[in-house]
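The values are calculated or read from the model by the stated rules, or taken from the named source; none is laboratory data. Predicted, not measured: the structure shown is a model, and the values here were computed from it. Cβ coordinates were reconstructed from backbone atoms using ideal geometry, including for glycine residues, and neighbour counts include every protein chain displayed.
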Amino acid sequence: MSRKLFGTDGVRGSAGEFLTAELALALARAAVELSGVARPQVLVVRDTRESGEMLEAAVAAGITAAGGDALLGGVLPTPAAPLLVRRHGLSLAAVISASHNPYQDNGIKFFAADGFKLSDAAELAIERRVKQATRASSRVGRVRVLAHAEEDYLHELERRYGELELGGMRLLLDCANGATHRLAPELLKRRGALVELMAADPDGRNINAGVGTTHIGALAARVRAGDYDAGFAFDGDGDRVLAVDRGGAVVDGDELIALGALHYKRRGLLDGGGVAVTVMSNYGFHAAMREAGIDVAVTPVGDRYVNEELRSRGWRLGGEQSGHVIDLGFSPSGDGIATALLTLEALGGADLSERGAMRKLPQRLVNLKAESRGLVEQVLSAEPVQDAITQASALLSGRGRVLVRASGTEPLVRVMVEAPSEQEAATVCDDLCRAVEAALR
């Protein structure tokens, strides 16, 4: 196999074509062989995709073929894995999910005994082992169900948010027909909310299908029309969440992080006094944090980079505009249910529509296609493009920002402009796009 296996969030691809049962078995076997534990106990959880059962069986076979014991947690949100690994003192966790991708895709990612995702070096070692010849082994492990996995995950959430009282608040949840469809409503009901659901009837193929964080319009329309206090949309594996206020306005990850940061600072719980976000975060977020006296560290796009930055600085809170929010004071990974609870805790009974954590600047984002990734790099380094970026940045200095970058996954130049008005954002973005398009010819 010549294709690189691990991306920024595990191994992901078309189930049965790229991500076969054979590859799943080999990945799990290699992870166990390299764990350094004589008989590792390995948690296996999955989301609701129809390919999940096949891959679960293959991963369990790989674990046991290498002498480990596979503990099946069944359908659980991804963030349950690191919490359960820590709770039960397990050696490793394998999560079978492709997050917000369509049902045809699936993926496998691993969490270490400390609850954090495996390092790049560890993933590279697994990849190299997979590409070697299979080793014979006389050790054979066992497969068993991890009893009470759902309740144990809920217990961890309740241990942190057990004092939160929602007092009959009327909430609408979009569970993306994914891994949160049972647990998110259960926990919010326990906290006293009146919960109604949409996209909470998974059939193996409807995960993320026109619903969830990447298709939030339906939730916004229903919240606005149904007199709900708020709505929350999760992605398929439950590590992301976006909110909607009673007027139907979408509250993205930037605003959720801002709410959490201000809340923790008021309570003296914002470890290190700063937050970490990616280059995609809105200029309004930076302005709000600056006004509140909260430091901001900026990372490349990807929750892995945010997590690494938080750990290196000893900080607690960070995340992405997409709704992937990491609170290291609670968990080593993003958790959509926990983020919804943090948001409601931060509001303290106030209306989400009056959140006031930040003023989001109008944003214009355009993707310009190139023939190759190599051409993208040439265009970005071209003198006319650099001159255009310098001029636009000077024009918006102190009032907005410009970001022109290569896509991490496709041959695209991404042009983003944030400015005090929609018109100015559009004008500056159009000027930059013309410079990029000229260089692409």
Could you list, in sequence order, all residues of the range 170-179 that are closer than 15 Å to LEU347 by Cα and either surrounded by 20 or more Cβ atoms within 10 Å (Cβ to Cβ) or among the small types (Gly, Ala, Ser) (or both)? LEU171
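Which of the residues belonging to the range 203-227 are in a loop (DSSP other than H, G, I, E, B) and within 20 Å of the chain's Cα centre (by Cα)? Break it down stepwise before answering.
Looking only at the range 203-227, we keep the residues that are in a loop (DSSP other than H, G, I, E, B), and these are 203-216, 227.
ASN206, ILE207, ASN208, ALA209, GLY210, VAL211, GLY212, THR213, THR214, HIS215, ILE216 - these are the residues of the range 203-227 that are in a loop (DSSP other than H, G, I, E, B) and within 20 Å of the chain's Cα centre (by Cα).
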Within the range 378-398, is there a residue that is more than 17 Å from MET280 (Cβ to Cβ) and in contact with a Ser or Thr (Cβ under 8 Å, 6 or more places away or on another chain)? no
Just name the residue that is surrounded by the most Cβ atoms within 10 Å (Cβ to Cβ) out of those in the range 400-414 that are in contact (Cβ under 8 Å) with a residue 40 or more places away in the chain and under 21 Å from ALA287 (Cα atoms). GLY400
Given the condition touching a strand residue (DSSP E or B) at 6+ places or on another chain (Cβ under 6 Å), over 19 Å from VAL279 (Cα atoms) and surrounded by 21 or more Cβ atoms within 10 Å (Cβ to Cβ), answer yes or no: does some residue in the range 329-336 qualify? yes
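It is to be established whether one or more residues within the range 94-103 are closer than 30 Å to LEU194 by Cβ, crowded, with 22+ Cβ neighbours inside 10 Å and outside the structural domain of GLY10 (by TED's automatic domain parsing). Steps first, answer last, please.
From the range 94-103, those closer than 30 Å to LEU194 by Cβ are 97, 99-100; that's our starting set.
Of the ones still in play, those that are also crowded, with 22+ Cβ neighbours inside 10 Å are 97, 99-100.
From what is left, the residues that are outside the structural domain of GLY10 (by TED's automatic domain parsing) are none.
Checked against the condition, which is being closer than 30 Å to LEU194 by Cβ, crowded, with 22+ Cβ neighbours inside 10 Å and outside the structural domain of GLY10 (by TED's automatic domain parsing), the range 94-103 yields no hits at all.
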Total residues in the range 291-322, condition assigned to a loop (DSSP other than H, G, I, E, B) and within 19 Å of ARG414 (Cβ to Cβ): 6
Filter the range 34-51 down to the residues that are outside any loop (DSSP other than H, G, I, E, B) and in contact with a Ser or Thr (Cβ under 8 Å, 6 or more places away or on another chain), then identify the one that is nearest to CYS175 (Cα to Cα). ARG46
So which residues in the range 298-311 are among the hydrophobic types (A, V, I, L, M, F, W, C) and in contact with a Ser or Thr (Cβ under 9 Å, 6 or more places away or on another chain), if there are any at all? VAL298, VAL301, VAL306
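I'm trying to understand the selection: among the residues of the range 323-339, which are assigned to a loop (DSSP other than H, G, I, E, B) and more than 18 Å from LYS117 (Cα to Cα)? If you could, list the steps in order and put the result at the bottom.
Looking only at the range 323-339, we keep the residues that are assigned to a loop (DSSP other than H, G, I, E, B), and these are 323-324, 328-335.
Selection gives GLY323 alone.
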From the list LEU92, LEU43, LEU83, LEU76, which residue is closer than 16 Å to GLY238 by Cβ, at pLDDT 95 or above and touching a Pro at 6+ places or on another chain (Cβ under 9 Å)? LEU83
Given the condition within 22 Å of SER137 (Cβ to Cβ), of a type outside the set (Lys, Arg) and not in a helix (DSSP H, G or I), answer yes or no: does some residue in the range 72-89 qualify? yes
Determine if the range 316-325 includes at least one residue that is hydrophobic (A, V, I, L, M, F, W, C), surrounded by 21 or more Cβ atoms within 10 Å (Cβ to Cβ) and closer than 17 Å to LYS360 by Cβ. yes
Considering the range 222-247, residues that are among the small types (Gly, Ala, Ser) and touching a strand residue (DSSP E or B) at 6+ places or on another chain (Cβ under 9 Å), and then whichever is modelled with the lowest pLDDT, we arrive at GLY226
Do we find a residue being within 30 Å of GLU309 (Cβ to Cβ) and either buried (at least 17 other Cβ atoms within 10 Å of the Cβ) or at pLDDT 95 or above (or both) anywhere in the range 133-152? yes
